[in-house]
Amino acid sequence: MTSQHEPKASPRVRLIMIACLIPLVLVTIVGIVLLWPGNTDTELPGGGPTTNSAEGASSTEATVTGVDATACEAGETDPMIRADCTRYTVEAGGREGSLYVTPDAVKAGVDVGDTVKVLDFTQSPDRAELGTDYVFIDFDRDVPMLALAILYAVVVLLVAGLRGLRALIGLGFAGAVLFVFMLPAMLDGRPPLLVAMVAASAIMVIALYLAHGISARTSTALFGTVLGIVITGILGAWMTSWANLGIAYSEDGYLLVDTTDLAMTDIIVCAILITGLGVLNDVTITQASAVWELATAAPTMKPAQLFAREMRIGRDHIASTVYTITFAYVGSALMTLIIVSAHDQPLFDTFTLGDMSVEVVSILVCSIGLVIAIPLTTGLGVLVVRSGLRPQRQTAPTAEEDEPGTAAPLTRREARLLDRDRGR
């Protein structure tokens, strides 16, 4: 009968994997220490709507208590005009005052009872010139965002159980690496590509082993992800240079390039690496798991057959994940696509100019890294899993297993009895 126990890597292969893993971990730790940001309080000018240079102004939360549009003409729908003719009142800190609402917020709809984030000018000398106590910044979304996050965590725990909990902890660790180490280190002038590679390595090692356990299977996925990240990083750096993507096309890009030592090419490559990390992690762990499951079900299958069957799964995975990457980028750039689609411009020119060229390069580079990582991970998984499988030895058939008409060998006692009977 075929054993259904999960195959394990041979001691020699496990030793090789440990010998490769230890340097990776050590290099990651040393990289974090050497690249750790020295100045973690870097501030950029114009850092968002909640920062204001007006003396005495501060940000706070307020509740809309009144909306009076009687001064507007009947049927008026222009948000620019409605922003001027509508009177809004809010209550903040037990004090009521007037609120100026921006035209885009007027169009979105600000109603009585809404909690909004505002700039408080009640203590500012610019209050009289401004003509209002508060200025609308944004809606307060703390409750719905927190509720959605809790719902997500509950669904993950219900479906994935303890492994889902470990994955959520790994996600929290990844967020800490990004916001505590990677982003501050880039702002502090550390080499962006090295910072991104070290951050990606730290996230991979902790998140993979935490979510999937310490095993040869997980290590196979880790090495496949590392290879994919290296390929993605090299290809991304080459393409951003060759395609001349060093121009800032957005307000945020202008701010970073003008006020820091960061280059747009470095920012783009780092973005490609972090985007590719999540997708590569998905496909490599899935391919490694598929290799182990098939090897468990068919331990006598030859390595070439195992690789061929796993690549059938890999090809399906490639197709679906390439769609995932493309649609994710299209969704993030939807507003830009709507604007460019309104212009009479050839489609090829649309995708080779401005922000769209950055998006296209990101999609193609991540997809290439993904496609290459799947056969690499599959081949590595086949080598590892087959190293722990030993061919079954052929044992001599028993009397019950002999072919019909073939006599079973006689024992010495049976032979003596037979000779005695013949002598009679």
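Read the figures in this text as sums done on the coordinates, not as results from a lab. None of these values were measured; they are calculated from a predicted model. Note that each Cβ is placed from the backbone with ideal geometry, even for glycine, and that neighbours are counted across all protein chains shown.
Arrange THR77, THR324 by Cβ neighbour counts within 10 Å, fewest through most, would you?
THR77, THR324
Which of PRO103, GLN305, ALA221 sits farthest toward the positive end of the charge dipole of the chain, with +1 on the Cβ of Lys and Arg and -1 on the Cβ of Asp and Glu?
Of PRO103, GLN305, ALA221, it is GLN305.
Taking a Cβ-Cβ separation under 4.7 Å as the criterion for a possible partner, which cysteines of the chain have none?
Among the cysteines of the chain, those whose Cβ sits 4.7 Å or more from every other are CYS20, CYS270, CYS366.
Please label the shape of the chain as rounded, prolate or oblate, based on the square roots a ≥ b ≥ c of the eigenvalues of the alpha-carbon gyration tensor (a/c under 1.5 means rounded; beyond that, a/b larger than b/c means prolate, else oblate).
prolate
Sequence gap at least 6, Cα distance under 8 Å: using those rules, report the relative contact order of the chain to the nearest whole percent.
18
So which lysines pass the test for LYS302, namely a Cα distance under 21 Å, with those fewer than 8 places away in the same chain ruled out?
The reachable lysines, counting only those whose Cα sits under 21 Å from LYS302, are LYS8.
Please list the helices of the chain that count as membrane-span-like by this rule: a mean Kyte-Doolittle hydropathy of at least 0.0 together with Cα atoms stretching 30 Å or more along the helix axis, each helix being a complete DSSP H run.
11-35, 216-242, 264-297, 303-332, 354-387
Only counting other Cβ atoms within 10 Å, I'd like LYS302, LYS107, LYS117 sorted with the fewest neighbours first.
By the 10 Å Cβ count, ascending, the order reads LYS302, LYS107, LYS117.
Hey, quick one: spin label on ALA69, modelled 7 Å out along Cα-Cβ, who in the stretch 94-135 has an amide N within reach, i.e. under 11 Å?
106-111
Let me have the 222 nm mean residue ellipticity of the chain computed from DSSP H runs of 4+ only, each contributing -39500 (n - 2.57), with the sum over all residues rounded to the nearest 500.
It comes out at -20500 deg cm²/dmol, rounded to the nearest 500.
If you take the Cα Rg of the stretch 58-140 and divide it by 2.2 N^0.38 Å, with N the number of residues, what do you get?
1.03
Please give, to one decimal in nm, the separation of the simple spin-label points placed at TRP242 and THR296, each 7 Å out from Cα toward the Cβ.
Going by the 7 Å Cα→Cβ label model, 4.2 nm.
In terms of Cα to Cα distance under 28 Å, which lysines are near enough to LYS107, apart from those fewer than 8 places away along the same chain?
LYS107 reaches LYS117.
Exposure proxy check: PHE223, PHE139 ranked by fewest other beta carbons within 10 Å?
Ascending Cβ contact count within 10 Å gives the list PHE139, PHE223.
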